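What follows is a single structure, written as structure tokens, with notes after it.
The values are calculated or read from the model by the stated rules, or taken from the named source; none is laboratory data. In this text, all values refer to a predicted model and were calculated from it rather than measured experimentally. Reconstructed Cβ throughout: ideal geometry from the backbone, glycine too, with neighbour counts over all protein chains shown. All accessible areas refer to the heavy atoms of the entire protein, side chains included, with ligands and DNA or RNA removed. Shrake-Rupley method; radii C 1.70, N 1.55, O 1.52, S 1.80 Å.
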Amino acid sequence: MSVFSPPEVEYFERNGFVIVKNIAAHKLCERMKALAMRHLGEEIGPLEYEAQLKYPGSPASLDARGGRTVRRLLQAFSRDALFREWAVSPEIVGRVRQLLGPSVDLSQAHHNCVMTKNPAFSSATSWHQDIRYWSFEKPELISTWLALGQEHEENGCLLLVPGSHRIEFRREQFDDAFFLREDVEENRKILRGRVTAELDAGDVLFFHCRLLHAAGRNRTGLTKFAAVFTYHDARNRPLPGTRSASLPEIPLRA
Ligand SMILES: O=C(O)CCC(=O)C(=O)O
């Protein structure tokens with residue numbers, strides 16, 4: 001099993017995220033990217049389209065120009081062994097266990113996808129915490145974001161607010177869809193602390209489900225790909241009857 005160094009653990013606890021360089025081999029990233037491109041080309045479902053989300057910049061409908069632009073290849077875990085093996089690899093599980101405890105579950109209901117950010121029709125994602133639509137006994141989950149190619153501001157990499165996972169937000173700081181309201185001075189102050197999560201292929205961003213993050217559109221000529229999975233302590237159960245409990249957990253035991 002691979003593990004974080006003590007300074008990396010301390011960095012995660014303080015900032016709500018940590019980036020570990022070069023965890024996945026470039027060959028593996030290339031294989032995952034080629035697979036994702038084939039699934040995109042053949043529109044192999046389940047898929048999430050940009051037009052369904054209606055985020056800023058997304059096509060108005062599935063029939064509009066660019067309407068069939070895919071935002072996520074969903075259900076990556078059951079989609080192919082290549083994604084599955086990565087999600088349960090010692091590089092990931094060893095580190096996630098360090099942060100969450102020895103008995104970890106992978107959630108199939110959240111993330112569990114390949115994010116595909118298309119240059120022509122991608123949308124911007126406003127500031128949010130991933131926990132907004134997730135329903136667990138405790139808001140303690142960790143996602144892993146594996147860059148399958150370079151990620152930088154121009155192709156819409158993630159923007160993060162270090163330490164925001166520890167802020168006790170009030171409901172009114174968010175809009176009806178749980179995006180952070182940028183017209184609130186207190187929020188604007190918080191966002192001044194933002195950093196860009198620049199990644200190279202093979203780098204992994206580990207981030208807490210309460211970390212504020214956002215992302216811009218892809219303004220380059222190439223689609224950006226990232227494989228993203230979410231984990232939680234097996235004792236932190238999804239609430240019955242919610243979307244979080246809609247698919248079986250994948251147990252990853254020591
Ligand atoms: O890549 C993006 O546009 C943002 C993705 C994101 O924030 C999310 O899936 O929670």
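Table for the structure above
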quantity	calculated
Per-region count, region 91-110, residues open to solvent by less than 10 Å² (accessible area, probe 1.4 Å) and either among the polar types (S, T, N, Q) or near the ligand (Cβ under 10 Å from one of its atoms) (or both)	2
E172 being over 23 Å from D80 (Cβ atoms), modelled with pLDDT of 95 or more, within 14 Å of the ligand (Cβ to nearest atom) and in a helix (DSSP H, G or I)	no
Residue tally, condition open to solvent by less than 40 Å² (accessible area, probe 1.4 Å) and within 16 Å of the chain's Cα centre (by Cα), over region 56-90	8
Matching residues, region 175-213, being out of contact with any Cys (no Cβ under 7 Å at 6 or more places or on another chain), under 27 Å from R95 (Cβ atoms) and either open to solvent by 10 Å² or more (accessible area, probe 1.4 Å) or within 12 Å of the ligand (Cβ to nearest atom) (or both)	G193, R194, V195, D200, L205, F207, H208, C209, R210, L211, L212, H213
Counted residues, region 133-154 - those being outside any strand (DSSP E or B) and open to solvent by 10 Å² or more (accessible area, probe 1.4 Å)	12
Leading residue by the ranking (farthest from E182 (Cα to Cα)) among those in region 133-154 that are more than 10 Å from the ligand (Cβ to nearest atom) and under 14 Å from the mean Cα position of the chain (by Cα)	L148
Selected residue [touching a helix residue (DSSP H, G or I) at 6+ places or on another chain (Cβ under 9 Å), over 16 Å from A76 (Cα atoms) and in a loop (DSSP other than H, G, I, E, B)] from I44, I23	I23
Residues located in region 111-132, provided they are more than 10 Å from the ligand (Cβ to nearest atom) and surrounded by fewer than 22 Cβ atoms within 10 Å (Cβ to Cβ)	N118, P119, A120, I131
Filter result (touching a residue at least 24 places away in the same chain (Cβ under 8 Å), farther than 25 Å from G101 by Cα and open to solvent by 70 Å² or more (accessible area, probe 1.4 Å)) within region 222-254	L222
Test for K33: is it more than 30 Å from R237 (Cβ to Cβ) and crowded, with 16+ Cβ neighbours inside 10 Å	yes
Qualifying residues in region 155-169 (those that are within 14 Å of the chain's Cα centre (by Cα) and outside any strand (DSSP E or B)) - the one nearest to the ligand (Cβ to nearest atom)	G156
